[in-house]
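The values are calculated or read from the model by the stated rules, or taken from the named source; none is laboratory data. Note that the structure is predicted; figures quoted are calculated from it, not measured. No Cβ is skipped: glycine too gets one built from the backbone with ideal geometry, and neighbour counts run over all protein chains shown. Keep in mind that these areas ignore ligands, DNA and RNA; they rest on the heavy atoms of the full protein, side chains included. Shrake-Rupley method; radii C 1.70, N 1.55, O 1.52, S 1.80 Å.
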Amino acid sequence: MTALSGCGKSIQIADTDAPASASSAPVSSAPASSAPTGSGSESPSNGTSGNASLQVIDSTAEQAGLSGDGGTVVGAAVQETPPQWVQLSAVTSAPISAPHLININQAVLYRFDDDTASPSVSTCDGACARKWPPVTVREGGSIYMAGVKRKDVGAIRRRDGQIQITVGGWPLYRFAGDSGPGDLNGEGVDGKWFAVGPTGGRAAGGQ
């Protein structure tokens, strides 16, 4: 796999109530600032009070002096608690020649065509979320990036209260059927699940 370069921003977290018909609510985001993580120095645009922030950092976790996986699990393992930090990296690897996203464990990340990007809404809950675990991070945690632009990274608060990372507005997922680095067993499943590119589109083309 060949990693690409990236940049970052800060995301302010706001508690919002999800509509009854939706499984998640958008999390307010703000441009990068010098305020420390969790400072709550900026009010979200929807007028609600921010209670934490995600720090999105313009480097890999290794470059920031971190080791390990931040608590990110692999394959069918259940993510019992959100990771302390998450890494999003854009790579190229066969059979998809275009850049697509992986996490710190080199698990390919996916998007779901039944979700929406504007507004960002996840429609994958229950059994769906067990098969397609959402990419989550704890409030006050960090997102490290390589090959993803600052304007494309966001987050939503899922119905269960967890914070799910989005790229280009599209919620991100792993696939429980991918057990090894670079596995792409979820590509094209049900004609709705696709490896996600660094701007949120289908990495292999299309929507």
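All but one of (1) over 26 Å from Gln55 (Cα atoms); (2) modelled with pLDDT under 95 hold for Gly140; state the number of the condition that does not hold.
The single condition Gly140 does not satisfy is (1).
Counting just the residues of segment 78-91 that are without any contact (Cβ under 8 Å) to a residue 60 or more places away in the chain and under 14 Å from Ala129 (Cβ atoms), which one comes out surrounded by the fewest Cβ atoms within 10 Å (Cβ to Cβ)?
The qualifying residue surrounded by the fewest Cβ atoms within 10 Å (Cβ to Cβ) is Glu80.
When you go through Gly147, Gly182, Gly188 one by one, which is the residue that is at positive phi and either among the acidic types (Asp, Glu) or modelled with pLDDT of 95 or more (or both)?
Exactly one of Gly147, Gly182, Gly188 is at positive phi and either among the acidic types (Asp, Glu) or modelled with pLDDT of 95 or more (or both), namely Gly188.
Just need a number here: residues in segment 179-197 that are in a loop (DSSP other than H, G, I, E, B) and open to solvent by 10 Å² or more (accessible area, probe 1.4 Å).
So the answer is 10.
From (1) surrounded by fewer than 23 Cβ atoms within 10 Å (Cβ to Cβ); (2) more than 14 Å from the chain's Cα centre (by Cα), pick out the condition that doesn't hold for Asp115.
Condition not satisfied by Asp115: (2).
Name the one entry in Gly75, Gly147, Gly168 that is over 20 Å from Gly197 (Cβ atoms) and either surrounded by fewer than 24 Cβ atoms within 10 Å (Cβ to Cβ) or free of Cβ contacts under 8 Å to residues at least 40 places away in the same chain (or both).
It is Gly75.
Among the residues of segment 118-146, which ones are within 12 Å of the chain's Cα centre (by Cα) and among the polar types (S, T, N, Q)?
Result: Ser120, Ser122, Thr136, Ser142.
Just need a number here: residues in segment 32-65 that are modelled with pLDDT of 85 or more and open to solvent by less than 60 Å² (accessible area, probe 1.4 Å).
8
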